[in-house]
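What follows draws every value from the coordinates through simple rules; no lab data is involved. Everything numeric here is computed off the predicted structure, so don't read it as measured data. Glycine gets a Cβ as well: all are built from the backbone with ideal geometry, and neighbour counts include every protein chain shown.
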Amino acid sequence: MTTEKTPIISEAELLAMPEEDYMNDVQLAFFRQRLQDMEKEILANADETTEHLRETVVVPDPADRATIEEEHALELRTRDRERKLLKKLQQALAKIDNGEYGWCEETGDPIGVARLLARPTATLSLEAQQRRELKQRMYGD
């Protein structure tokens, strides 16, 4: 699917679409573009981190050295979270390709445009996610 055939719309236009248009070509194109943009941003951040970590600065003061090491550790933790998100983004893009995007993995119900705008990698409807979280709290899963 190319974006030339399907125009990308705004969030407001997306939210204003009737329910029967759920996950039509226009909506799928919107979310594909959003997911691809997020993916590009994460990959760019990873490249910046690689460059940043390669820059070795010899700092004689132990306090300054500790600060730099802590900054590097924080940056690496952030990139690790982004690496996990990248995997979810790629899975969501695959779901768009196979026609499963926007539908709850547990119930088969629509996840909802508003929820997907807030979390484009969502795989569960709000109700199914709440049930799962409640179960995790109750049983410590």
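General remarks:
- Partners for Lys135 among aspartates and glutamates (Cα-Cα distance below 16 Å; same-chain residues under 8 apart left out): Glu106, Glu127
- The HN-Hα couplings worked out from phi for the range 33-43 by the Karplus form 6.51 cos²θ - 1.76 cosθ + 1.60 (θ = phi - 60°) are 5, 4, 5, 5, 5, 5, 4, 4, 5, 5, 5 Hz, whole numbers, x standing for Gly and Pro.
- Sites Asp109 and Lys40 - FRET efficiency at Förster radius 35 Å, r taken between beta-carbons, to 0.05: 0.70
- Reported value for the range 11-101: 106 Å³ per residue, from the convex hull of its C-alpha atoms.
- Relative contact order for the range 11-101: 45 percent, from Cα pairs under 8 Å spaced at least 6 residues apart, divided by residue count.
- Amide H partners (placed H, <5 Å) of Trp103, local residues excluded: Ile111
- In this label model, Asn24 and Thr67 are separated by 5.7 nm, measuring between points 7 Å along each Cα→Cβ vector.
- Sites Met17 and Ala118, calculated FRET efficiency, Cβ-Cβ separation with R0 22 Å, nearest 0.05: 0.85
- Reachable aspartates and glutamates, given that their alpha-carbon falls under 12 Å from the alpha-carbon of Lys95 and they are not under 8 places away in the same chain: Glu105
- Helix content alone sets the calculated 222 nm mean residue ellipticity of the chain: runs of n ≥ 4 DSSP H residues at -39500 (n - 2.57) each, divided across all residues, give -22500 deg cm²/dmol.
- Signed unit charges on C-beta, dipole axis of the range 32-141, positive-most listed residue Tyr139, Ala66, Thr49: Tyr139
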